[in-house]
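The values are calculated or read from the model by the stated rules, or taken from the named source; none is laboratory data. Because the structure is predicted, anything quoted here is derived from the model rather than measured. With ideal geometry, Cβ positions are generated from the backbone for all residues, glycine too; neighbour counts draw on all protein chains shown. Accessible surface is based on the protein model in full, side chains and every heavy atom, while ligands, DNA and RNA are left aside. Shrake-Rupley method; radii C 1.70, N 1.55, O 1.52, S 1.80 Å.
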2 protein chains.
Amino acid sequence: MPSIPTEPKLRLRLYFSPDEMIGPGKAELLERISRTGSIAAAGREMGMSYKRAWQLVETMNAMFRDPVVVSTRGGPRGGGAQVTDMGLKVLSEYRALESKARSAGAEHVGQLASLLNDPKSDT
Amino acid sequence: MPSIPTEPKLRLRLYFSPDEMIGPGKAELLERISRTGSIAAAGREMGMSYKRAWQLVETMNAMFRDPVVVSTRGGPRGGGAQVTDMGLKVLSEYRALESKARSAGAEHVGQLASLLNDPKSDT
């Protein structure tokens, strides 16, 4: 039963302590908040409850030296949110980490893919 | 409230498809089966139920071209298990992937650690 070959996906989670982690979900949330200007909209795009999206933002805000997201309540559009310079720095370092890790590991990803029962393309 | 500095831990999960993944848990289970010669003992060491350990082994056995673990039922000690050449190859490629990814990403891990509210040592 051949399936459509998909590229293997390497997902990275960086734990600073058991309670302090940055991974694909938080990075994607930051990106979507940056684009939409809204925590609620960003969470919705990811199929996440408003509460959960807020919790992730609060966790990140407590984790780093400065907040990664600031929210502006009231105002004509209400509930806007902005990714700070700290948030953009965190995001860019995480994406660079992913990129370096994927390049460096590509050979072994290919090796593992070649061992699958239903081999996946590496390209 | 200073805490004991711990080294950031980078954990990798490689998804070949939504249902086919190798990550730290499966790798550790393979290592422990290899050492203990028992799926039950390996799972127990990881605080995992017997059923869960078996499920992970079955998932891996179905995922790769050849089984990664074979079990020998009956016999004087009963329920022994052995990691196959395929299993050892999978484990070694996964560990090599981790190692390459960690080295290549070290600079960005250090950068992210330096942004923490309660900076963690990188060494």
Failed item, numbered, when B:Ala27 is tested on (1) touching a strand residue (DSSP E or B) at 6+ places or on another chain (Cβ under 8 Å); (2) touching a residue at least 40 places away in the same chain (Cβ under 8 Å): (1)
Under 6 Å between Cβ atoms, which residue pairs at least 6 apart in sequence (or on different chains) link something in the stretch B:52-75 that is closer than 19 Å to A:Asp118 by Cβ with a partner that is at pLDDT 95 or above and open to solvent by 50 Å² or more (accessible area, probe 1.4 Å)? B:Asn61/B:Pro67
